[in-house]
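J.: Could you have a look at this structure, given as structure tokens, before my questions?
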Amino acid sequence: MAQPGPLSGITIVDLSRILAGPYCTLLLAELGARVIKVEAPNGGDDARQYGPFTNGKSTYFASVNRGKESIALDLKSAADCEIFERLLDKADAVVENFRPGTMERLGYGWDTLHPRYPRLIYAAASGFGHTGPYSHYPSYDMVVQGLGGIMSITGHPGMPLTRIGTSIGDLAGGLYTTIALNAALLHRERTGEATKVDVALFDCQLALLENAIMRYTTSGEIPGPMGARHPSITPFEAFSTKDGNLIIAAGNDGLWVKLAEALGHPELAQNPDYKTNPLRNLHQPQLKEELDRILSTDTTERWIAVLEAAGIPCGPVNNVAQALAHPQTAARNMLVEVDDATTGKLSLAGNPMKFSAFDDPATRPPSPDLDADRAKILRELGM
């Protein structure tokens with residue numbers, strides 16, 4: 001089932017469920033790895049119960065588990081543990097996102113597995129990681145968005161708290177686990193040594209704070225929400241036009257001069273308050289007011305044509321339907337088709353990682369039904 005890719009020949013035993021771990025193993029499958037999803041017999045991955053549903057099948061589950069295989073195993077059953085251990089014999093890595101201590105209680109923690117399977121990489125994604133005082137606390141995406149500080153800098157000043165519109169806590173955990181696991185595969189290739197990968201969703205949120213941490217540690221000021229503007233670059237935000245909104249990202253002084261000229265107001269670039277980026281940051285509210293006034297005289301489409309001709313980075317604020325209809329989406333194969341026997345054809349997000357050595361097909365295999373690959377896997381294991 002695995003598609004050709006740079007990880008072709010790599011086998012992943014995937015114990016993860018819901019989003020952080022499955023997103024990691026989705027990316028590994030997209031890179032060519034064979035992913036065997038080990039699920040609990042009664043219901044399997046919790047995400048199988050998350051909507052929306054098509055013909056009774058979760059399309060939430062289908063979107064992050066395409067191209068994988070499924071076998072249902074009860075790791076408290078001796079017979080199923082034998083199957084699981086045979087899988088580990090042939091696997092390159094195991095991925096799990098249980099609360100720390102769960103795998104140890106089952107008898108399959110890193111300290112137990114490593115002596116028995118010295119080439120097996122162990123990748124764990126959890127809310128707070130396998131060390132530290134919060135290690136054993138349960139966590140979900142929303143919890144780490146709040147605890148990790150990212151919600152505190154999202155939204156508009158004085159407005160109710162805003163969750164980032166995508167599950168950035170889980171997705172960041174999945175992405176960092178994928179990066180670390182690939183590095184662990186390279187390390188094993190070079191040295192023969194397998195390693196444990198320990199990724200905490202909380203840590204990932206801190207890592208994504210980028211300049212918010214730097215601004216606090218250097219100035220002592222606690223960053224807050226700033227709406228649709230950049231904290232360090234001006235003008236670099238959303239503006240109002242005659243019929244909607246427009247993003248302008250003038251990231252340096254040269255682009256600022258070009259922007260002023262393209263808008264028909266070259267005198268703005270000569271204003272002493274706006275001569276440099278630090279000065280524009282200092283006077284951001286008044287500059288935004290001036291630019292909004294100018295931009296409100298014409299439509300978004302008209303201004304984009306003007307600004308693109310001048311080489312100014314800009315764009316409309318698209319909704320999801322508009323983003324998917326953008327010509328670049330089709331050109332980059334970022335909407336792929338999955339033909340699922342239960343749901344029929346699904347259009348899902350494509351793979352943003354493109355390789356000159358491998359095709360990026362327009363179709364993908366579907367997500368597996370629970371235990372769908374049991375017979376095939378047991379035959380391969382000689383059972």
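The values are calculated or read from the model by the stated rules, or taken from the named source; none is laboratory data. Keep in mind that what you see is a predicted model, and the values were worked out from it rather than measured. We place every Cβ from the backbone using ideal geometry, glycine too, and count neighbours over all the protein chains shown. The accessibility values were calculated without ligands, DNA or RNA, using every heavy atom of the protein model including side chains. Shrake-Rupley method; radii C 1.70, N 1.55, O 1.52, S 1.80 Å.
J.: Mind listing the Cα extents of the range 159-213 along all three principal axes, in Å, largest one first?
T.: Dimensions of the range 159-213 along the principal axes of its Cα atoms: 53, 21, 12 Å.
J.: Excluding ligands, DNA and RNA, what is the solvent-accessible area per residue of the range 88-207 at a probe of 1.4 Å, expressed in Å²?
T.: 49 Å²
J.: R0 = 30 Å: FRET efficiency of residue 328 with residue 245, Cβ-based, nearest 0.05?
T.: Once rounded, the FRET efficiency stands at 0.95.
J.: Another question, then. If you count only protein heavy atoms with a 1.4 Å probe, what accessible area per residue comes out for the range 239-341, rounded to a whole Å²?
T.: Result: 56 Å² per residue.
J.: Once Lys and Arg get +1 and Asp and Glu get -1 on their Cβ, which of 281, 291, 224 lies farthest toward the positive end of the dipole of the range 152-293?
T.: Result: 224.
J.: What are the ³J(HN,Hα) couplings of the range 47-63, residue after residue, when phi is run through the Karplus curve with 6.51, -1.76, 1.60 and θ = phi - 60°? Round to Hz, x for glycine and proline.
T.: 5, 5, 9, 9, x, x, 10, 10, 6, x, 9, 5, 7, 4, 4, 4, 6
J.: Based on the Cβ-Cβ distance from residue 8 to residue 302, what FRET efficiency comes out when R0 is 45 Å, to the nearest 0.05?
T.: Once the sixth-power term is evaluated, E becomes 0.40.
J.: From the mean inverse distance of alpha carbon pairs (Kirkwood) and the Cα radius of gyration, derive Rg over Rh for the chain.
T.: Result: Rg/Rh = 1.04.
J.: Could you tell me which chymotrypsin sites (Phe, Trp or Tyr not before Pro) in the range 74-160 are loop residues by DSSP with no more than 14 other beta carbons within 10 angstrom of their beta carbon?
T.: Here the chymotrypsin sites (Phe, Trp or Tyr not before Pro) that fit, given the DSSP loop and packing criteria, are 134.
J.: Starting from the Cα of residue 371, step 7 Å toward the Cβ, then list every residue of the range 78-97 with an amide N under 16 Å from that point.
T.: 78-84
J.: Using 0.36 nm per residue of separation minus the Cα-Cα distance, give me the extension gain between residue 378 and residue 341 in nm, one decimal.
T.: Result: 11.0 nm gained on full extension.
J.: Leaving out ligands, DNA and RNA, what percent of the accessible area of the range 221-273 is carbon and sulfur, probe 1.4 Å?
T.: Carbon and sulfur atoms account for 54 percent of the accessible area of the range 221-273.
J.: How large is the translational diffusion coefficient of the range 90-157 in µm² per second when you combine the Kirkwood radius over alpha carbon pairs with Stokes-Einstein at 4 °C and 1.567 mPa s?
T.: Stokes-Einstein gives a translational diffusion coefficient of 93 µm²/s.
J.: Could you please state how large a percent of the accessible area of the range 303-347 is carbon and sulfur, counting protein chains only and using a 1.4 Å probe?
T.: Answer for the range 303-347 is 56 percent, counting heavy atoms of protein chains only.
J.: Excluding residues on the same chain fewer than 8 positions from residue 76, give the aspartates and glutamates whose Cα lies under 13 Å from its Cα.
T.: Those aspartates and glutamates meeting the cut-off are 39, 85, 104.
J.: Which value, in debye to the nearest 20, describes the size of the charge dipole of the chain about its Cα centre when Lys and Arg Cβ atoms bear +1, Asp and Glu Cβ atoms bear -1, and nothing else is charged?
T.: It comes to approximately 260 debye.
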